[in-house]
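This is the structure, below, for whatever I ask next.
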Amino acid sequence: MDDHEHDEEADATPEEGGHIETRAIHAGQEPDPETGALMTPIFANSTYEQDAPGEHRGYEYSRTGNPTRTDLEENLAALEGAEFGRCFSSGMGAINTVLNLLESGDHVVTGDDVYGGTHRIFTQVYEKYDIEFDFVDTTDLDAVREATRPETELVWVETPTNPLMRVNDIGALAEIAHEDDALCVVDNTFATPALQRPLEHGADAVCHSLTKYLGGHSDVVGGALVTDSEELDEEFGFYQNSVGATPSPFDCFLVLRGTKTLPVRMDRHCENARELARWLDDHDAVDTVHYPGLASHPQHDLAAEQMDDFGGMLSFELDGTLSQASTVVESTEVFALAESLGGVESLIEQPAAMTHAAIPREERVAAGLADGLIRVSVGIEHLDDLKADLDAAFAAAL
Ligand SMILES: *Cc1c(COP(=O)(O)O)cnc(C)c1O
């Protein structure tokens, strides 16, 4: 099977609040009771009037709580089919909040290909507090089992991973984490809840960079944590307020604009990426394509089971040198040469020279990141224009 359609039967039983397309638009989105304003207003307040000392109407200070943020938090929780959501000023702010739960002496197991910023906060911020991190190939469940020990408090999972789009088994990893009473937290930024809901597979919490697909328009930076556990949510809320990496009401408003169209955008991102992956796979200029939707992908079956579709991210290896790959990414006109991902516009980048340049070449190549590797965030432009753009860039470089 190299194609994957929505499971119509599963879709036939809507979650509370309707199907995801409906929840994306309506969850947390009541018209303003005072004015009837259909869209959540931007509550640009730092403080709120109290009826008597300590008697407030739900809000006292905007770091602690803000109505625009509340609506976004409810919306995001509903998208993941979760009870609780918390928003942060960036994905890193959300990740930091999970790490705030740890204590000196604790141990964390995570993937050897986690997001660079995640690797950095683990090793350069939290190791100095005597928290230990083991980076293993999380597609190898035995390696994960071997790495966990009684002090393991957290198994941090990304799937699909960056930039080789490896797919990790959330259910199996959550089970391994729980055997050691560790939490399993999944960074669901690449898949989004439109394609994958980690809580359904046993994860304890889900983390997001809202900067990517959830915002969807490359115009805002934000993060979120969602969970079904009231206890975890209270801890997240404590650190959210105590540390203060909270988003502005305007940023929350922008993300709320984005989430409304998440399911439709993801449909087109997936369709374009699937077609582009097939086309690249047949292209003479290309050696290998990394996309979970291709039957040749090592975890294709797992992806088909765990995800509703295969996502909008892919990478491919050019049959050429580092400098030829550089020429390709400099030559495209529709694809913008940029880091980040998940916006409506297509982006292209060269991991060896950009996102993963900090890794020494030998290590990089050993990890499967060839010099000619190119990563694309496939946007929602017309597919033919994307193909023509890449074709012209290949012709310029090779
Ligand atoms: C971008 C990203 C982050 C960090 O999010 P920011 O919003 O940039 O702080 C974390 N995880 C993944 C997978 C990402 O792509």
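The values are calculated or read from the model by the stated rules, or taken from the named source; none is laboratory data. Values in this document were obtained by computation on a predicted structure and should not be read as measured data. Positions of Cβ are backbone-derived with ideal geometry, glycine not excepted, and every protein chain shown enters the neighbour counts. Accessible surface is based on the protein model in full, side chains and every heavy atom, while ligands, DNA and RNA are left aside. Shrake-Rupley method; radii C 1.70, N 1.55, O 1.52, S 1.80 Å.
Once phi is turned into ³J(HN,Hα) by the Karplus curve 6.51 cos²θ - 1.76 cosθ + 1.60 with θ = phi - 60°, what whole-Hz value does each residue of the stretch 211-216 show in order, with x for glycine and proline?
For the stretch 211-216, the Karplus curve yields 4, 8, 5, 5, x, x Hz.
Measuring from a point 7 Å past the Cα of residue 321 along Cα-to-C-beta, which residues in the stretch 346-381 have an amide N at less than 16 Å?
Only 353, 371-373 fall inside the zone, counting backbone N under 16 Å.
Considering only protein heavy atoms, with the full assembly of protein chains and a 1.4 angstrom probe, order 112, 309 by accessible area, largest first.
112, 309
With every protein chain in place, what's the accessible area of residue 359 (1.4 Å probe, Å², nearest 10)?
Taking all protein chains as shown, residue 359 has close to 60 Å².
Based on Cβ point charges of +1 for Lys and Arg and -1 for Asp and Glu, what charge dipole magnitude is obtained for the chain about its Cα centre, in debye rounded to the nearest 20?
For this selection, approximately 1420 debye.
Please build a GNM for the chain, connecting alpha carbons under 10 Å apart, and tell me which residue among 224, 94, 182 fluctuates the most.
182
Continuing with this model, one more query. Rounded to the nearest 500, what is the chain's calculated 222 nm mean residue ellipticity when only DSSP H runs of at least 4 contribute -39500 (n - 2.57) each, over all residues?
-10000 deg cm²/dmol
Given Cα pairs under 8 Å that are at least 6 residues apart, what percent is the relative contact order of the chain?
Across the chain, relative contact order equals 17 percent.
Leaving ligands, DNA and RNA out of it, work out the accessible area of residue 35 with a 1.4 Å probe and give it in Å² to the nearest 10.
Counting only protein heavy atoms, residue 35 exposes about 100 Å² to solvent.
Looking at the stretch 206-282, which trypsin sites (Lys or Arg not before Pro) are in a loop (DSSP not H, G, I, E or B) and have at most 13 other Cβ atoms within 10 Å?
none
Moving on. Taking H placed 1.01 Å from N in the peptide plane, check which residues at least 5 places from residue 205 or on another chain put their amide H under 5 Å from its amide H.
Long-range HN contacts for residue 205: 184, 186.
Testing the spin-label approximation: label points 7 Å from Cα along Cα→Cβ at residue 181 and residue 366. State their distance in nm.
3.6
In nm, to one decimal, how far is the residue 172 label point from the residue 83 one, both placed 7 Å along Cα→Cβ?
3.0
When all protein chains stay in place, what accessible area (Å², nearest 10, 1.4 Å probe) is found for residue 39?
Answer for residue 39: close to 90 Å² accessible.
Give the calculated FRET efficiency between residue 395 and residue 357 to the nearest 0.05, with a Förster radius of 25 Å applied to their Cβ-Cβ distance.
About 0.45, to the nearest 0.05.
Of 261, 99, 61, which is farthest towards the positive pole of the chain's charge dipole, taken about the Cα centre with +1 and -1 on the beta-carbons of Lys, Arg and Asp, Glu respectively?
Of the listed residues, the answer is 61.
If each residue of separation counts as 0.36 nm, what is the full-extension length gain between residue 129 and residue 257 once their alpha-carbon separation is subtracted?
Stretched fully, the residue 129-residue 257 segment lengthens by 42.2 nm.
Which one, 53, 41, 292, has the greatest fluctuation when you compute a Gaussian network model over the chain with C-alpha springs under 10 angstrom?
53
Further question: Leaving ligands, DNA and RNA out of it, rank 22, 70 by accessible area with a 1.4 Å probe, largest first.
Listed by decreasing accessible area, they come as 22, 70.
Is the shape of the stretch 274-323 best called rounded, prolate or oblate, per the rule: a/c under 1.5 gives rounded, else a/b larger than b/c gives prolate, else oblate, with a ≥ b ≥ c the square roots of the Cα gyration tensor eigenvalues?
It comes out prolate by the Cα gyration axes.
Using 0.36 nm per residue, how much length does the chain from residue 382 to residue 278 gain when fully extended, once their Cα-Cα distance is taken away?
35.9 nm
Right, next: For the stretch 138-277, what does the alpha-carbon gyration tensor say about shape, rounded, prolate or oblate, given a ≥ b ≥ c as the root eigenvalues, a/c under 1.5 as rounded, and a/b over b/c as prolate?
Oblate.
Suppose the chain between residue 44 and residue 271 were pulled fully straight at 0.36 nm per residue; how much longer would it get relative to their current alpha carbon spacing?
Gain on stretching residue 44 to residue 271: 77.9 nm.
Let me ask something else. Ordering 340, 90 by how much accessible area each has at a 1.4 Å probe, largest first, what is the list?
Order by accessible area, largest first: 340, 90.
Quick one: Cα convex hull volume of the chain, Å³ per residue?
Measuring per residue, one finds 143 Å³ for the Cα hull of the chain.
Rounded if a/c is under 1.5, else prolate if a/b beats b/c, else oblate: with a ≥ b ≥ c from the C-alpha gyration tensor eigenvalues square-rooted, which is the stretch 205-250?
oblate
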